[in-house]
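Asker: Sharing a structure, written as structure tokens. Questions coming.
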Protein chains: 2
Amino acid sequence: MDLYRLYFQQFKEKVPLTIEEQEQIQSYLTLKKISKKQYFLQEGEVCKSYAFVEKGSLRKYSIETGNEHIIQFAIEGWTVGDLLSFLSEEPATYHIDTLEDSELILMSKSAHDELLSIQPKYETYFRLLITGAYIALQRRHSFTLSLPVEQRYTDFVEKYPEIVKRVPQHMIASYLGLTPETLSRVRKRLAKGK
Amino acid sequence: MDLYRLYFQQFKEKVPLTIEEQEQIQSYLTLKKISKKQYFLQEGEVCKSYAFVEKGSLRKYSIETGNEHIIQFAIEGWTVGDLLSFLSEEPATYHIDTLEDSELILMSKSAHDELLSIQPKYETYFRLLITGAYIALQRRHSFTLSLPVEQRYTDFVEKYPEIVKRVPQHMIASYLGLTPETLSRVRKRLAKGK
DNA sequence: CCCATCCATTGATCTAAATCAAGAAAAGCC
DNA sequence: GGCTTTTCTTGATTTAGATCAATGGATGGG
């Protein structure tokens, strides 16, 4: 059985690899299983590894003045970590924990650095990964500033139906920058209007 | 006189270059002067070039339901463009125009693609450019969701004093997701509290 | 230098969402 | 299966910011 199947499926969609190259990159990866509600990263720690989700789900969030604000969800096929902390080896500003029992594929900072310097295809993969994340975040931020709440929620549901199924509603409210009560009322209004 | 001084200064902070490499890359760049209040890019067009600001200032914004929402300012040393449109050659979703007479250094899509394939240092530069932009945007988005307006404004002033000097206040309000009236009142409150 | 446009401020309302509070439903655990 | 915890909903109230409206000041083009 191939534990790295999903990782390389996504990698190869971005950058084709020969068998040898795949084996080379695979030798830098490690597997980690984490059970539900465990921290992958806590604010203040250095983010020593970047994680690809092979199975399960996680959330990345910050805590400001006592309130949690979810920045990102990560389910199968997504990549998650505190990028600034990972690259600079400074303390993380985000928390990351699991929402379900999960299996992660980890790339450590030293492995990352070494692969960048010896395997150009890894650099290309990483560039495309970050580029995609940046474009998506810009769209999201733009929507947050300009679209009414209803539209932001329906957009989210349409784009991430799988997350809606698996994640409690109050966390989706947090992701959208709303209170749970407001999201509940928004859903009610949408149900009526339909 | 070296018109590309600032561009290569920033490039070399990320990736050192030999004279020959610099000349190679320079041969792919073109200069463009645009006077104040002119479009660099309009929504619906394809973003054919990415721009580095050697002189002047620009804004990138979207229009949703009649309202302008400024996504980004770009002054000397910043890079601006519609990344999704540039990379995919699909119609742009943002407008970009100048706030002052400006001088831009342009990298066309074909030049970009060619440099990516022949000059690894350009790929590294571009990767680091996008990575930095992504980290900054994530911070900004996180602040938008979690910090009170006062703090968002003081944070902006502290981080971009030059932009505050050169850009009308109502545009800063737009960038922060506020109406001009609200920003005016926020500033008044801050002045009192001091 | 004058006029027009743009810009910032202030005041009076209005409204969407937060907050406070309570209870019902669902899920998880021993 | 019953108990606890989590989650979602609904209602009443408050509040931050939007909207509407008006004025004075600054800027810039001709």
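Asker: When you scan the range B:31-47, do you find a residue that is within 14 Å of chain A (Cβ to nearest Cβ), in contact with a helix residue (DSSP H, G or I) (Cβ under 8 Å, 6 or more places away or on another chain) and not in a loop (DSSP other than H, G, I, E, B), even just one?
Answerer: Narrowing the range B:31-47 to residues within 14 Å of chain A (Cβ to nearest Cβ): B:43, B:47.
Next cut, in contact with a helix residue (DSSP H, G or I) (Cβ under 8 Å, 6 or more places away or on another chain) only: B:47.
Narrowing the set further to residues that are not in a loop (DSSP other than H, G, I, E, B) leaves none.
No, there is no match, as no residue in the range B:31-47 is within 14 Å of chain A (Cβ to nearest Cβ), in contact with a helix residue (DSSP H, G or I) (Cβ under 8 Å, 6 or more places away or on another chain) and not in a loop (DSSP other than H, G, I, E, B).
Asker: Of the numbered conditions (1) near DNA strand D (Cβ under 8 Å from one of its atoms); (2) modelled with pLDDT of 95 or more; (3) more than 14 Å from every other protein chain (Cβ to nearest Cβ), A:LYS188 fails exactly one; give the number of that condition.
Answerer: Status for A:LYS188: all satisfied but (2).
Asker: Moving to a separate point now. Just a yes or no: is a residue in the range B:172-181 more than 30 Å from A:SER117 (Cβ to Cβ), in contact (Cβ under 8 Å) with a residue 40 or more places away in the chain and among the acidic types (Asp, Glu)?
Answerer: For the range B:172-181, residues more than 30 Å from A:SER117 (Cβ to Cβ), in contact (Cβ under 8 Å) with a residue 40 or more places away in the chain and among the acidic types (Asp, Glu): absent.
Asker: Something else: Can you say whether B:GLY77 is more than 9 Å from chain A (Cβ to nearest Cβ) and closer than 25 Å to B:ASP2 by Cα, as far as the supplied structure shows? So that I can check it myself, show each step before the final result.
Answerer: Working: more than 9 Å from chain A (Cβ to nearest Cβ): yes; closer than 25 Å to B:ASP2 by Cα: yes.
Against the criterion (more than 9 Å from chain A (Cβ to nearest Cβ) and closer than 25 Å to B:ASP2 by Cα), B:GLY77 qualifies.
Asker: Residue pairs, Cβ under 7 Å, 6 or more apart or interchain, first in the range B:70-96 and under 19 Å from B:TYR125 (Cα atoms), second assigned to a loop (DSSP other than H, G, I, E, B) and polar (S, T, N, Q). List them.
Answerer: Sorted first by the residue in the range B:70-96, then by its partner, the pairs are B:ASP82/B:THR93.
Asker: A follow-up question, please. Report yes if B:THR131 is within 16 Å of DNA strand C (Cβ to nearest atom), β-branched (Val, Ile, Thr) and without any contact (Cβ under 8 Å) to a residue 60 or more places away in the chain, otherwise no.
Answerer: Answer is no for this residue.
Asker: Looking only at the range A:173-185, filter to residues that are buried (at least 16 other Cβ atoms within 10 Å of the Cβ) and near DNA strand D (Cβ under 8 Å from one of its atoms); which one of those is farthest from A:HIS95 (Cα to Cα)? It would help to see each step written out before you state the result.
Answerer: Let us first name the residues in the range A:173-185 that are buried (at least 16 other Cβ atoms within 10 Å of the Cβ), namely A:173-178, A:183.
Then keep just the ones that are near DNA strand D (Cβ under 8 Å from one of its atoms); that gives A:173, A:183.
Working: A:ALA173: 18, A:LEU183: 23 Å.
So the residue we want is A:LEU183.
Asker: Next question, about the same structure. Could you say which residue among B:THR93, B:THR79 is of a type in the set (S, T, N, Q) and over 24 Å from B:LEU115 (Cα atoms)?
Answerer: Working: B:THR79 fails: over 24 Å from B:LEU115 (Cα atoms).
Result: B:THR93 is the single residue among B:THR93, B:THR79 that is of a type in the set (S, T, N, Q) and over 24 Å from B:LEU115 (Cα atoms).
Asker: Condition (residue is within 14 Å of another protein chain (Cβ to nearest Cβ) and either surrounded by fewer than 15 Cβ atoms within 10 Å (Cβ to Cβ) or under 28 Å from B:TYR94 (Cβ atoms) (or both)) applied to the range A:160-169: is it met by at least one residue?
Answerer: Filtering the range A:160-169 down to residues within 14 Å of another protein chain (Cβ to nearest Cβ) leaves none.
Checked the range A:160-169: no residue is within 14 Å of another protein chain (Cβ to nearest Cβ) and either surrounded by fewer than 15 Cβ atoms within 10 Å (Cβ to Cβ) or under 28 Å from B:TYR94 (Cβ atoms) (or both).
Asker: Now, a different point. Considering every residue within the range A:102-115, establish whether at least one is part of a helix (DSSP H, G or I), among the hydroxyl-bearing types (Ser, Thr, Tyr) and in contact with a strand residue (DSSP E or B) (Cβ under 6 Å, 6 or more places away or on another chain).
Answerer: First, the residues of the range A:102-115 that are part of a helix (DSSP H, G or I): A:109-115.
Now narrow it down to the ones that are among the hydroxyl-bearing types (Ser, Thr, Tyr): A:110.
Then drop every residue that is not in contact with a strand residue (DSSP E or B) (Cβ under 6 Å, 6 or more places away or on another chain), which leaves none.
Checking the range A:102-115: not a single residue is part of a helix (DSSP H, G or I), among the hydroxyl-bearing types (Ser, Thr, Tyr) and in contact with a strand residue (DSSP E or B) (Cβ under 6 Å, 6 or more places away or on another chain).
Asker: Conditions: (1) within 11 Å of another protein chain (Cβ to nearest Cβ); (2) closer than 28 Å to B:ILE63 by Cβ; (3) modelled with pLDDT of 95 or more. A:LEU183 meets all but one. Number of the miss?
Answerer: (1)
Asker: Can I ask one more? Quick check: is even one residue across the range B:128-142 surrounded by fewer than 19 Cβ atoms within 10 Å (Cβ to Cβ), at negative phi and away from chain A (no Cβ under 14 Å)?
Answerer: no
Asker: For the range A:48-98, name all the residues that are part of a loop (DSSP other than H, G, I, E, B) and among the charged types (D, E, K, R). Show your work before the answer.
Answerer: Step one: of the range A:48-98, the residues part of a loop (DSSP other than H, G, I, E, B) are A:48, A:56, A:65-66, A:76-78, A:81-82, A:89-90, A:92-94.
A:LYS48, A:GLU76, A:ASP82, A:GLU89, A:GLU90 - these are the residues of the range A:48-98 that are part of a loop (DSSP other than H, G, I, E, B) and among the charged types (D, E, K, R).
Asker: I need a count of the residues in the range A:100-126 that are buried (at least 16 other Cβ atoms within 10 Å of the Cβ), more than 16 Å from the chain's Cα centre (by Cα) and within 10 Å of chain B (Cβ to nearest Cβ).
Answerer: The total comes to 2.
The values are calculated or read from the model by the stated rules, or taken from the named source; none is laboratory data. All of these numbers come straight from a predicted model, not from anything done at the bench. Note that each Cβ is placed from the backbone with ideal geometry, even for glycine, and that neighbours are counted across all protein chains shown.
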